[in-house]
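See below for the structure under consideration.
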Amino acid sequence: MKHHVSAGLAILALSAALTGCGGGTGTSPETSPTVTAGTPLASATAPAASVSPSSATPTSTASAAVGLKTASSSAGTIVVDANGMSVYFFTKDVKDSGTSACTDACLAAWPPVLTESATPAAEGITGELGTIPTPDGKQQVTLNGMPLYYFAKDTKPGDVMGQGVNDVWYLADPSGEMIRAM
């Protein structure tokens with residue numbers, strides 16, 4: 001019985017986080033940076049979409065910085081981390097603001113792409129890479145001045161379940177633009 005209550009609370013918390021991260025509009029990136037990322041947090045299961053990473057190699061290094069690469073997906077060529085996990089933009093973020101609009105409960109569903117490097121590395125990314133500090137002192141990767149995120153329901157390489165969520169979360173293309181159609 002306790003197990004069912006815990007699972008229900010976890011689902012409720014994820015729903016609240018998704019609701020808190022939706023709605024509204026923001027700005028879209030105007031340039032494209034290259035990025036390095038940390039390992040995504042995956043706490044929910046979702047069906048996979050078809051995506052084949054072009055050069056992503058899965059690793060098990062949780063805290064090491066990983067370079068960004070490109071992959072083919074149902075949305076076209078997208079940006080993924082070295083493990084093949086898709087990365088997203090949040091339209092509520094403001095380009096070059098140096099901060100993320102995704103805070104508190106939002107971060108449970110949309111963990112930041114992290115790096116340990118001041119200069120994130122990437123392969124096949126033509127946009128401009130950078131970093132911004134997170135509230136806990138880590139470095140979040142930016143592409144063309146916009147912070148990058150993972151989606152918690154993307155549980156394996158190739159998943160693109162976050163595309164278009166609440167009309168504010170979109171995949172990143174190699175030039176640093178949001179992919180708004182699929």
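Things worth noting here:
- Exclusive hit being over 13 Å from the mean Cα position of the chain (by Cα) and surrounded by 16 or more Cβ atoms within 10 Å (Cβ to Cβ), set GLY98, GLY67, GLY137: GLY67
- Among residues of region 163-174, those that are of a type in the set (S, T, N, Q) and surrounded by fewer than 17 Cβ atoms within 10 Å (Cβ to Cβ), counted: 1
- A count restricted to region 153-180 and to residues that are in contact with a Phe, Trp or Tyr (Cβ under 7 Å, 6 or more places away or on another chain) and part of a loop (DSSP other than H, G, I, E, B) stands at 6.
- The residues on offer are GLY76, GLY124, GLY130, and the sole one that is touching a Gly at 6+ places or on another chain (Cβ under 8 Å), closer than 17 Å to PRO174 by Cα and in contact (Cβ under 8 Å) with a residue 12 or more places away in the chain is GLY130.
- Residue match in region 143-152 (condition: surrounded by fewer than 24 Cβ atoms within 10 Å (Cβ to Cβ) and out of contact with any Asp or Glu (no Cβ under 6 Å at 6 or more places or on another chain)): yes
Each reported figure results from applying straightforward, stated rules to the coordinates on display, with no laboratory input. Just so you know, these numbers come straight off a predicted model, no measurement behind them. When we count neighbours, we look across all protein chains shown, and the Cβ atoms used for this are built from the backbone with ideal geometry, even at glycine.
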